[in-house]
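Novice: Submitted below is the structure of interest, expressed as structure tokens.
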Amino acid sequence: MTLLYLLLLAHLVADFMQPASLVRWTKESVQGLIVHTSIYSLITALVIAAYSPIWWFWAALLGVSHFVIDYHLDKGRLPFTNLSLLVVDQVLHLLMIGAIFWSGLRFLTPIGQLTFLSDHSEVFRCLVGYVAATFGGSIFVFEAGNTFYPQLPSGGENEILSLGDRCLGITERALTVTFILLGRYLLIPLAFLPSMAVRRKELRGGQRPRLLCELAISLLIALAVGFWLRFG
């Protein structure tokens, strides 16, 4: 299962840890999507190269499927909200990764001196959980806020998640997952104190419903990942 976790980690890094400028470029043009897919393919190739001499074939297969899914799920092509598109997009990516892994990659073992990878499956599983909860969770929380409370005070809609909000969300979810793994459930409310302190003006103003919605979804994501890592 180590290779599966590494493939999932490569996907999460490429999809959710990219800079905001690349996110914007990917949404605006095919050239940006090609760059994004190339980065994904490169990271995937590095992972599979530790297992197979024909890494280029598997990396190309995953890269092409990634491009096709992203291209056809562009917001302008389907009448979905950004949140719905995000969910469908990630489900399709995960199904494709799973299908390719179970069709052939699951039989592979690390090459040469890289056999130590098989001994650290649980470490990579935890990394998948943390990246999914922190960086991936930031995008899901942001798009949920835009979907249920789209109007900002200025009358527009957020398109790119700010660095400050992303860091706050990453911190609260990382702490929540850690508290669950340690079995310190009563400490979970403390993980959200930084967000509530920094955004206290929003809690008192017109943005309160959206903020509470985002905090609730952030908590649910962290709880789901935390319990999966602890009991899964």
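Novice: Tally up the residues in the stretch 196-225 that are closer than 22 Å to SER121 by Cα and within 15 Å of the chain's Cα centre (by Cα), please.
Specialist: Narrowing the stretch 196-225 to residues closer than 22 Å to SER121 by Cα: 222-225.
Applying the additional criterion that residues be within 15 Å of the chain's Cα centre (by Cα) yields 222, 224-225.
Residues meeting the conditions: 3.
Novice: Go through (1) among the β-branched types (Val, Ile, Thr); (2) within 24 Å of ASN146 (Cβ to Cβ); (3) touching a Leu at 6+ places or on another chain (Cβ under 9 Å) one by one and return the number of the condition VAL13 breaks.
Specialist: Every condition holds for VAL13 apart from (3).
Novice: When PHE192 is evaluated against the numbered criteria (1) more than 30 Å from THR26 (Cα to Cα); (2) surrounded by 18 or more Cβ atoms within 10 Å (Cβ to Cβ); (3) at pLDDT 95 or above, which criterion, by number, is the only one it fails?
Specialist: (3)
Novice: Follow-up question, since we're still on this one. Within the stretch 10-22, does at least one residue satisfy the condition of being surrounded by 13 or more Cβ atoms within 10 Å (Cβ to Cβ), among the acidic types (Asp, Glu), touching a His at 6+ places or on another chain (Cβ under 9 Å) and in contact (Cβ under 8 Å) with a residue 24 or more places away in the chain?
Specialist: yes
Novice: Another question, if that's okay. Just give me the residues in the stretch 16-34 being touching a helix residue (DSSP H, G or I) at 6+ places or on another chain (Cβ under 7 Å) and in a helix (DSSP H, G or I), in sequence order.
Specialist: Passing the criteria: PHE16, LEU22, TRP25, THR26, GLY32, LEU33.
Novice: If the Cβ limit is 7 Å and pairs must be 6+ apart or interchain, which residue in the stretch 87-102 that is surrounded by fewer than 19 Cβ atoms within 10 Å (Cβ to Cβ) pairs with which residue that is polar (S, T, N, Q)?
Specialist: Listed by first residue and then by second, the contacts come to MET96/SER65.
Novice: With part of a helix (DSSP H, G or I), touching a His at 6+ places or on another chain (Cβ under 9 Å) and not basic (Lys, Arg) as the only criterion, which of ASP119, ASP70 stands out? Before you say what the answer is, go through the steps one by one.
Specialist: Details: ASP119 fails: touching a His at 6+ places or on another chain (Cβ under 9 Å).
One residue alone meets the criteria, ASP70.
Novice: Name, by its number, the condition in (1) in contact with a Gly (Cβ under 9 Å, 6 or more places away or on another chain); (2) without any contact (Cβ under 8 Å) to a residue 60 or more places away in the chain; (3) over 23 Å from ARG106 (Cα atoms) that does not hold for THR44.
Specialist: With (1) in contact with a Gly (Cβ under 9 Å, 6 or more places away or on another chain); (2) without any contact (Cβ under 8 Å) to a residue 60 or more places away in the chain; (3) over 23 Å from ARG106 (Cα atoms) applied to THR44, the lone miss is (3).
Novice: Of the residues that sit in the stretch 195-232 and are among the basic types (Lys, Arg) and assigned to a helix (DSSP H, G or I), which one is surrounded by the most Cβ atoms within 10 Å (Cβ to Cβ)? Spell out the reasoning first.
Specialist: Quick first cut of the stretch 195-232, residues among the basic types (Lys, Arg) only: 199-201, 204, 208, 210, 230.
Now drop any that are not assigned to a helix (DSSP H, G or I), which leaves 200-201, 204, 208, 210, 230.
On the way: ARG200: 11, LYS201: 10, ARG204: 9, ARG208: 14, ARG210: 18, ARG230: 13.
Selected residue: ARG210.
Novice: Kindly indicate which of PRO110, PRO53 is loosely packed, with under 13 Cβ neighbours inside 10 Å, more than 19 Å from the chain's Cα centre (by Cα) and in a loop (DSSP other than H, G, I, E, B).
Specialist: Working: PRO110 fails: loosely packed, with under 13 Cβ neighbours inside 10 Å.
Being loosely packed, with under 13 Cβ neighbours inside 10 Å, more than 19 Å from the chain's Cα centre (by Cα) and in a loop (DSSP other than H, G, I, E, B) holds for just one of PRO110, PRO53, which is PRO53.
The values are calculated or read from the model by the stated rules, or taken from the named source; none is laboratory data. Note that the structure is a prediction, hence the values are computed from the model and not measured. So basically every Cβ, Gly included, is an ideal-geometry build from the backbone, and we count neighbours across all protein chains shown.
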